[in-house]
Structure formats: C-alpha cells, structure tokens
1. Quick check on my filter: what residues within the stretch 99-157 are open to solvent by 30 Å² or more (accessible area, probe 1.4 Å), of a type in the set (S, T, Y) and within 19 Å of I48 (Cβ to Cβ)?
2. So which residues in the stretch 77-91 are open to solvent by less than 70 Å² (accessible area, probe 1.4 Å) and either of a type in the set (A, V, I, L, M, F, W, C) or without any contact (Cβ under 8 Å) to a residue 24 or more places away in the chain (or both), if there are any at all?
3. Scan V90, V128, V123 and give me the residue that is under 18 Å from T7 (Cα atoms) and among the β-branched types (V, I, T).
4. Could you tell me whether the stretch 10-21 includes any residue that is under 14 Å from the mean Cα position of the chain (by Cα), open to solvent by less than 50 Å² (accessible area, probe 1.4 Å) and small (G, A, S)?
5. Looking at D74, D68, D27, which is the one that is assigned to a helix (DSSP H, G or I), within 20 Å of L145 (Cβ to Cβ) and open to solvent by 70 Å² or more (accessible area, probe 1.4 Å)?
6. Test I48 against the criterion of being among the aliphatic types (A, V, I, L, M) and over 23 Å from R156 (Cα atoms), and give yes or no.
7. Can you say whether F94 is surrounded by fewer than 20 Cβ atoms within 10 Å (Cβ to Cβ), closer than 24 Å to Y25 by Cβ, touching a helix residue (DSSP H, G or I) at 6+ places or on another chain (Cβ under 9 Å) and aromatic (F, W, Y), as far as the supplied structure shows?
8. Go through the stretch 43-61 and give me each residue that's surrounded by fewer than 19 Cβ atoms within 10 Å (Cβ to Cβ) and not small (G, A, S).
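The values are calculated or read from the model by the stated rules, or taken from the named source; none is laboratory data. Everything quoted here is computed from the prediction, not taken from an experiment. Using ideal geometry, Cβ is built from the backbone for each residue, glycine included, and neighbour counts are taken over all protein chains shown. Surface accessibility is based on the protein's heavy atoms, side chains included, excluding ligands, DNA and RNA. Shrake-Rupley method; radii C 1.70, N 1.55, O 1.52, S 1.80 Å.
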Amino acid sequence: MSPSSPTISELIAQERRLTLPRFGYEDAYALGGLLVALARERHAPVAIDIRRGSQQLFHAALPGSSADNDAWIDRKRRVVERYGESSYLVGTRFRAKGTTFEESSRLDLDTYAAHGGSFPIAVEGAGVIGSVTVSGLPQAEDHALVVEALEQFTVRP
C-alpha cells in the first residue's frame, strides 16, 4: 500500500465526508477493532489510539510497534486537538506555503508533529470531539489506514 499524497482539497473533503452522526464507547471499540483487523491483514507494525476529549477509549499495539509509536501518537494527536484538522492536512498546508510545520509552527516539536496518521473524530452538530490515530507506517500510509477504516465504519449497519 503506497498511497499518493492527497491534495489539501482532497484532505478537507475526507474530513467532511467522514463526519459521524454520533460517537460513543461502543463506536470506539468497533472502530478500533476494525483498525486492528486491517492492520493485521497487512502485517502492519502499528499502534492505534482512539480518544474522545482527553479520555482514551481504545488503544492497541501490534507486533513490531514500540513505545516510540505511542510517543508519535501523542504528538500527532495534539496537532488534531490544536487545529481541529487531521495531522496530515496541517502538515500539507505548511508544505503548500513553501515551508514546514517544524520550521514555521512555533510549537514545541517534542509535543506536536504534523505527520499523517491522526484524524479528527467529528460528530454532526458537535464538531471535533476526539481523534483516531495510527503510528508505525510512513505518514501517507498511516493516514490512509485511518481513512479506510473510517470509510468502512461509516457504512456499517
């Protein structure tokens, strides 16, 4: 799986399309299970994190992942919390301006990382209420895995 780099407009469209009608504890478990299944099918060495607000509702670490992946999850998730957009979209916006998040954000890079893999959980009528994050693959693949899982999640019965 080697996805191409989506454009800013494609990333924005993903976020709009993947707004959910609701998101609770059971939804977090179902989405997390879906991500684990997709990652296992691909033998992807990832860690997965799902949060609503500051509460961690789901976490899994698959073979080949490490504590470094958890640190990346925290840094990418904080970008979603701060900007209300996917970590990949935030990084892409900086690159489109001819700079990088690291050079121009003025944020502590030990705390924030605008690398793909953290996606906002947005609920209709409420806005961004949490995040789903994957770490362990190249950033475009982390992002694509989360989007694929959310797309499958939104069409379930």
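1. T154
2. Let us first name the residues in the stretch 77-91 that are open to solvent by less than 70 Å² (accessible area, probe 1.4 Å), namely 77, 79-80, 84-91.
Once the filter is applied, which keeps residues that are open to solvent by less than 70 Å² (accessible area, probe 1.4 Å) and either of a type in the set (A, V, I, L, M, F, W, C) or without any contact (Cβ under 8 Å) to a residue 24 or more places away in the chain (or both), the stretch 77-91 yields V79, V80, L89, V90.
3. Details: V128 fails: under 18 Å from T7 (Cα atoms); V123 fails: under 18 Å from T7 (Cα atoms).
Exactly one of V90, V128, V123 is under 18 Å from T7 (Cα atoms) and among the β-branched types (V, I, T), namely V90.
4. Step one: of the stretch 10-21, the residues under 14 Å from the mean Cα position of the chain (by Cα) are 11-12, 14-15, 18-19.
Okay, now just the ones that are also open to solvent by less than 50 Å² (accessible area, probe 1.4 Å), so 11-12, 14-15, 18-19.
This time we only want the ones that are small (G, A, S), so: none.
Within the stretch 10-21 (the criterion being under 14 Å from the mean Cα position of the chain (by Cα), open to solvent by less than 50 Å² (accessible area, probe 1.4 Å) and small (G, A, S)), the answer is no, since none of the residues qualifies.
5. D68
6. Values: among the aliphatic types (A, V, I, L, M): yes; over 23 Å from R156 (Cα atoms): no.
The answer is no for I48.
7. Working: surrounded by fewer than 20 Cβ atoms within 10 Å (Cβ to Cβ): yes; closer than 24 Å to Y25 by Cβ: no; touching a helix residue (DSSP H, G or I) at 6+ places or on another chain (Cβ under 9 Å): yes; aromatic (F, W, Y): yes.
No: the conditions fail for F94.
8. Across the stretch 43-61, the qualifying residues are H43, P45, R52, Q55, Q56, H59.
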